[in-house]
Amino acid sequence: EAQVTQNPRYLITVTGKKLTVTCSQNMNHEYMSWYRQDPGLGLRQIYYSMNVEVTDKGDVPEGYKVSRKEKRNFPLILESPSPNQTSLYFCASSSLTSGLYNEQFFGPGTRLTVL
Amino acid sequence: ILNVEQSPQSLHVQEGDSTNFTCSFPSSNFYALHWYRWETAKSPEALFVMTLNGDEKKKGRISATLNTKEGYSYLYIKGSQPEDSATYLCAFTGGANNLFFGTGTRLTVIP
């Protein structure tokens, strides 16, 4: 089954404790992206990657890091989480075969709470 | 940061009614406009991606139109059903590699 998976689905942590949210897709997609969703705001893009070893900042990259060492994986790293990073996070992927702008496939979401 | 606006913010309709909502985006440097359907406790799912001015797309009772010159897209739902209740998101991309989402229109269809 074609899918995007994220782990963990729920996480409660404390300020300053480094964490990683994993994202994996099995569709051989080139493009992968991380978003955060906060009440009253649209999905905001954190980082995206066009392919292996190619990453770039989105709208709200501060406080986050990413890596793309393999095509299928795109982990989101919070080196020193703070309460303002409490949010619902989505990973998404899409194919670039017909140009950049194919539909995005979203993972199930990770609800992160930073105390 | 580009401004993508959706209206209305929320909408209640009776089962069987037809409805539509709007997505406004910058008309310069247009590349693509996406529509997604997002049910509570699930992930957003793609409805349409449109790239050409005048594009019209249809999937069952849902259709969308695109006007890139004036910077808007309409999403139409014909004969709304309770299962259409969801938040409908649009996203704009303008030639760079990132997407800008609107805040969505939350549709509730009353049986």
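The values are calculated or read from the model by the stated rules, or taken from the named source; none is laboratory data. Treat the numbers as computed from the prediction; the structure is a model and nothing was measured. As a convention, Cβ positions derive from the backbone with ideal geometry for all residues, glycine included, and neighbour counts pool all protein chains shown.
Miscellaneous remarks
- Search result, residues across segment A:16-37 that are more than 10 Å from chain B (Cβ to nearest Cβ) and in contact with a strand residue (DSSP E or B) (Cβ under 6 Å, 6 or more places away or on another chain): A:LEU19, A:THR20, A:VAL21, A:THR22, A:CYS23, A:SER24, A:GLN25, A:HIS29, A:GLU30, A:MET32, A:TRP34, A:ARG36
- Residue check for B:GLY95: within 13 Å of another protein chain (Cβ to nearest Cβ), closer than 16 Å to B:LEU33 by Cβ and part of a loop (DSSP other than H, G, I, E, B): yes
- The test for being more than 16 Å from B:GLY79 (Cβ to Cβ), under 16 Å from the mean Cα position of the chain (by Cα) and assigned to a loop (DSSP other than H, G, I, E, B) does not hold for B:ASN29.
Residue-wise test of (1) modelled with pLDDT under 95; (2) farther than 22 Å from B:HIS34 by Cα.
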{"position": "A:LEU11", "(1), (2)": "no, yes"}
{"position": "A:VAL14", "(1), (2)": "no, yes"}
{"position": "A:GLU30", "(1), (2)": "yes, no"}
{"position": "A:TYR35", "(1), (2)": "no, no"}
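- Criterion (touching a strand residue (DSSP E or B) at 6+ places or on another chain (Cβ under 9 Å), among the hydroxyl-bearing types (Ser, Thr, Tyr) and within 23 Å of A:TYR48 (Cα to Cα)) met by exactly one of B:TYR76, B:TYR72, B:TYR31: B:TYR31
- From A:LEU43, A:LEU96, A:LEU78, residue being crowded, with 16+ Cβ neighbours inside 10 Å, at pLDDT below 95 and aliphatic (A, V, I, L, M): A:LEU43
- With respect to (1) assigned to a strand (DSSP E or B); (2) of a type outside the set (Lys, Arg); (3) surrounded by 20 or more Cβ atoms within 10 Å (Cβ to Cβ), the lone exception for B:SER80 is condition (1).
- Single residue of B:SER85, B:SER63 found to be surrounded by 13 or more Cβ atoms within 10 Å (Cβ to Cβ) and within 25 Å of A:PRO39 (Cβ to Cβ): B:SER85
- Being in contact with a Phe, Trp or Tyr (Cβ under 8 Å, 6 or more places away or on another chain), among the aliphatic types (A, V, I, L, M), over 27 Å from B:PHE48 (Cβ atoms) and more than 11 Å from every other protein chain (Cβ to nearest Cβ) is a description that does not apply to A:VAL114.
- Only one entry of B:LYS42, B:LYS69 meets the criterion of being out of contact with any helix residue (DSSP H, G or I) (no Cβ under 8 Å at 6 or more places or on another chain), of a type in the set (D, E, K, R), within 12 Å of chain A (Cβ to nearest Cβ) and not in a strand (DSSP E or B), and that entry is B:LYS42.
- For segment A:78-92, the count of residues that are within 13 Å of another protein chain (Cβ to nearest Cβ) and of a type in the set (Asp, Glu) is zero.
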